[in-house]
1. For residues that are in contact with a strand residue (DSSP E or B) (Cβ under 6 Å, 6 or more places away or on another chain) and more than 7 Å from chain B (Cβ to nearest Cβ), scanning just the range A:304-320, find the one that is surrounded by the most Cβ atoms within 10 Å (Cβ to Cβ).
2. Tally time: how many residues in the range B:295-314 are touching a Pro at 6+ places or on another chain (Cβ under 7 Å) and either outside the structural domain of B:D273 (by TED's automatic domain parsing) or outside any helix (DSSP H, G or I) (or both)?
3. B:R231 - would you say it is surrounded by fewer than 18 Cβ atoms within 10 Å (Cβ to Cβ) and touching a residue at least 40 places away in the same chain (Cβ under 8 Å)?
4. Out of the range B:360-379, which residues are part of a helix (DSSP H, G or I), within 13 Å of chain A (Cβ to nearest Cβ) and out of contact with any strand residue (DSSP E or B) (no Cβ under 9 Å at 6 or more places or on another chain)?
5. Do you know which of the residues in the range A:324-379 that are among the β-branched types (V, I, T) and at pLDDT 95 or above is surrounded by the most Cβ atoms within 10 Å (Cβ to Cβ)?
6. What tally of residues in the range A:1-27 results from selecting those that are more than 8 Å from DNA strand D (Cβ to nearest atom), basic (K, R) and modelled with pLDDT of 95 or more?
7. I'd like the full set of residues that are free of Cβ contacts under 8 Å to residues at least 40 places away in the same chain and more than 7 Å from chain B (Cβ to nearest Cβ), limited to the range A:246-256.
8. Mind listing just one residue for me: the one in the range B:1-49 that is charged (D, E, K, R) and away from chain A (no Cβ under 13 Å) and, of those, farthest from B:R104 (Cα to Cα)?
Number of protein chains: 2
Amino acid sequence: MTAPKPSLELLRALTDENVLRVLMAHDRLTRAEIAARTGISKPTISESVQRLEQAGLVVDTGERTTGRGRVGSYYALAPHLGTALVASITPHGVVAEAVDARGRTHGEVRTALHADAGQEAAAEALGAAAARLGESAGPLRLAVVSAADPVDRATGRLVHLPDAPFLVGALDPPAVLAGTVTGPVLVDNDVNWAARAEYEQGCVQGVDDFVYLHLGEGLGCAVVGDGVVRRGHGGLVGEVAHLYTAGPDGRAMAFTEVFAALDLRRDASTAVDVPRLLDLLDTSDARAERVRLALAHAIGGVLAGALAFADPRTVVLGGPWGSHPRLIDAIEEHLARSPRSVPLIAAALPLPELTGARARAVEELGSQIVRSAHPTAQW
Amino acid sequence: MTAPKPSLELLRALTDENVLRVLMAHDRLTRAEIAARTGISKPTISESVQRLEQAGLVVDTGERTTGRGRVGSYYALAPHLGTALVASITPHGVVAEAVDARGRTHGEVRTALHADAGQEAAAEALGAAAARLGESAGPLRLAVVSAADPVDRATGRLVHLPDAPFLVGALDPPAVLAGTVTGPVLVDNDVNWAARAEYEQGCVQGVDDFVYLHLGEGLGCAVVGDGVVRRGHGGLVGEVAHLYTAGPDGRAMAFTEVFAALDLRRDASTAVDVPRLLDLLDTSDARAERVRLALAHAIGGVLAGALAFADPRTVVLGGPWGSHPRLIDAIEEHLARSPRSVPLIAAALPLPELTGARARAVEELGSQIVRSAHPTAQW
DNA sequence: TCCTCTAGTAAGGAGTCCTGACTAAAGGAG
DNA sequence: CTCCTTTAGTCAGGACTCCTTACTAGAGGA
């Protein structure tokens, strides 16, 4: 609807963006190579490279081509363009790393937390990791944070919903990182980042509409629609704890209560007792079989909700017990008897939430660099 | 990620797009006015207008300015640019009209169908309406069709889901219109178009995330996420018939079966008996009260699903019985006792599906015209 | 020693947009 | 009736961007 205003500045900005983007993908290129890859003429590329070198966004690496013909100079993104902080916060600890616009990791800090360490410990670990990475890897221009709890879309703060386990605790990542990160702090929950990872380099590449159901201590879900993780108004898409489903006795109850009814909750908590559950999944007696059936029925209800509101091409099952083969078998059997069905896949990527968050960080850092070359151009 | 290649052709295309867009919004303007509104200089606009007049996209209307100063010529979009067919197909009949790129309606054809007239009758009515409008309103460059049944996203054909009433019947609008409409035929179900209408000119303007629940003979729903109607992989987002919810006895059952359990289905059909239901909503005895409670509980379950998978800012209730005040009251009471809640609004627009489809048609026609000015430019 | 091949530069041209001055013509003031 | 004001549109010139073509510089191979 809104066509940008034509201007010569726009053209220049577009040329520069082409150059920067191709350098983000290829770490060192001669001007001739840039011209070939972008399809833009050599003289134009030469001007753009000169302009960007002047602006400090691109540098002559000093390396030269070898082989026949005139020696060429390799150019690359300037090294001091800054990095992005990528952090994952789970009940077990904080993992943080810095990535640059090329997607290279520049350091990693792991801080273990013992269970129920409290939010102060998590905040401190995050802040300390950021400080260390900021020193070693250069200025942190933005941060992308994954948290094992629902995240408020507007503020980036963690939210405690009723009857949901609050794994990481009250935490305000933008506030914690305000001092060490100069730019925006993007926070989302781990399941959403994991879904992004599976979409970009996992088991559902090319599938623009899918649902990722995470089954662990908490119950979470991510909805990818038209190739983008959907967050809804408050960022609470995927909070399936209160979805109505079928309980073990056939009565309608909230999904989270199924685990209470099956005696699969940790003491004095609303968190799922994962070791116990895994144990049951591996057992073959009649009681274990009943539990499997009850779980399949309950999860079938959740999937009916997913079908109704997200119409996925595929459902990805992840989390500590979500990808258990016997569980998937049981759910598939249940779905086969349902009026509508959907293919199931087990998630496969290791540390998917970090992978997804990293991809977002690289993307955002790239956009920031492109924008910084032409602050006034908008299109 | 993909920056367009800079070129002078791109600039020219952008100028032309600015001119065309402003003429779509303002039906007649002098070149000076176009320059003022777009912010582009007068000489550049003059060139563009000349180019577009040459191409036949813009015409000198012959009208001249009055008042002080030199007389100016008013230009407008060429009248023969074609129109778009907008059609709504319901069990009661077919309503069709033609709209031009300015959003003006150029004719309307209403064809009543008696209930269960069959798909041949509907197809014939649609085809006949298109033929008539094509003759009277000029060539139909595209069509936007609303149907009161689920629509397959890939093919545009209507889909019959198990246990859902098939109101309009097997119908393949793209095939029916292939002869009379030269361009694409966009088909979607009426609830999705209604949601778009409420978003653009109804009760949820500016709300980027909401859910529209349509309660009539069929049970449907639309999900708007980040300002766009979400359709999912197959176009079946919003098909809530098989969502698990609570039945009158508290047992988990599919939403559609609640109406069977409450004896609120039409004979030999899975369609809701709307007159009977409205009657009960207006009655005050104990039995009616029990039905209201049961409906509120069941719909509460559907809304729990919406909260889990769409996280709407607001829920819009529409359809013949969806916006009944006593029903809304009952649902609100139920939600107040639930762990999570959401504001409810009654839908208000008349013929919302036609309004939404019309908006899409105008948008698409505009894009087609813009593209036709520069077929090779891509950005 | 000469030829070939390649990165980068120069020159010139076409095209786009802009500014500022100019022209044409209508309405109002005196 | 004449002159002034006001406005739409054009003209001329300039700045700038991209492109094509031709050229230069310099390394490796014959």
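1. Applying the filter and picking the extreme gives A:V316.
2. Start the filter on the range B:295-314 by keeping residues that are touching a Pro at 6+ places or on another chain (Cβ under 7 Å), which leaves B:306, B:314.
Filter once more, so that each one left must be either outside the structural domain of B:D273 (by TED's automatic domain parsing) or outside any helix (DSSP H, G or I) (or both): B:314.
Total meeting the criteria: 1.
3. Numbers: surrounded by fewer than 18 Cβ atoms within 10 Å (Cβ to Cβ): no; touching a residue at least 40 places away in the same chain (Cβ under 8 Å): yes.
Criteria not met by B:R231.
4. Within the range B:360-379, B:E363, B:G366, B:S367, B:V370, B:R371, B:A373 qualify.
5. Narrowing the range A:324-379 to residues among the β-branched types (V, I, T): A:328, A:331, A:342, A:345, A:355, A:362, A:369-370, A:376.
Remaining after also requiring at pLDDT 95 or above: A:328, A:331, A:342, A:345, A:355, A:362, A:369-370.
Working: A:I328: 18, A:I331: 24, A:V342: 20, A:I345: 19, A:T355: 22, A:V362: 20, A:I369: 21, A:V370: 21.
Among those residues, the one meeting the criterion is A:I331.
6. Total meeting the criteria: 1.
7. Residues of the range A:246-256 free of Cβ contacts under 8 Å to residues at least 40 places away in the same chain: A:249-253.
Of everything in the range A:246-256, those that are free of Cβ contacts under 8 Å to residues at least 40 places away in the same chain and more than 7 Å from chain B (Cβ to nearest Cβ) turn out to be A:D249, A:M253.
8. Checked the range B:1-49; the qualifying residue farthest from B:R104 (Cα to Cα) is B:K42.
The values are calculated or read from the model by the stated rules, or taken from the named source; none is laboratory data. On a predicted model such as this, the values are computed, not experimentally measured, just so you know. Here Cβ is always computed from backbone atoms with ideal geometry, including for glycine, and neighbour counts include all displayed protein chains.
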